[in-house]
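Asker: I have a structure here, written as structure tokens, and I will follow up with some questions on it.
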Amino acid sequence: MSLTSLKHAVFAAAATLVLATPVMADDLDTDEAVASYGIGYGFANSLLQQTEGVTLDADAMEAGLRAAMAGEESELSNADINAAIQALQQQLQAQQSAPEEGN
């Protein structure tokens, strides 16, 4: 997985979390609500496939997305964010290249 792919996956997850306020099927009574649910569901499925093996903090993703959507400044520098994403990418690559146990 490339760094760009991981960044896109993280953004998709964050977008999903903002839309993921507990919603019941009965609350999906407008085209906007149904489309939003569908987009969120699709993002989450894509994220799960792209970040398999990486644990992400849903609360932190939600906080970042809410801040961005509110037009607030990031609490973290781009350098710090990129370093953390690279560390996760290295973790994922190490997991993928490690020989399977028992072989």
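The values are calculated or read from the model by the stated rules, or taken from the named source; none is laboratory data. Everything numeric here is computed off the predicted structure, so don't read it as measured data. Ligands, DNA and RNA are excluded from the accessible area calculation, which covers all protein heavy atoms including side chains. Shrake-Rupley method; radii C 1.70, N 1.55, O 1.52, S 1.80 Å.
Asker: Any chance you could count how many residues in the range 47-66 are open to solvent by less than 60 Å² (accessible area, probe 1.4 Å) and either part of a loop (DSSP other than H, G, I, E, B) or not hydrophobic (A, V, I, L, M, F, W, C) (or both)?
Answerer: Result for the range 47-66: 6.
Asker: Which ones in the range 18-46 are open to solvent by 40 Å² or more (accessible area, probe 1.4 Å) and either of a type in the set (Phe, Trp, Tyr) or at pLDDT below 80 (or both)?
Answerer: Leu19, Ala20, Thr21, Pro22, Val23, Met24, Ala25, Asp26, Tyr37, Tyr41, Phe43
Asker: Okay, next question. Would you be able to say whether some residue in the range 67-90 is part of a loop (DSSP other than H, G, I, E, B), at positive phi and open to solvent by 60 Å² or more (accessible area, probe 1.4 Å)?
Answerer: Within the range 67-90, the subset part of a loop (DSSP other than H, G, I, E, B) is 70-77.
Imposing the further condition that a residue be at positive phi reduces the set to 71.
Subset that is open to solvent by 60 Å² or more (accessible area, probe 1.4 Å): 71.
Yes, the range 67-90 contains a residue that is part of a loop (DSSP other than H, G, I, E, B), at positive phi and open to solvent by 60 Å² or more (accessible area, probe 1.4 Å).
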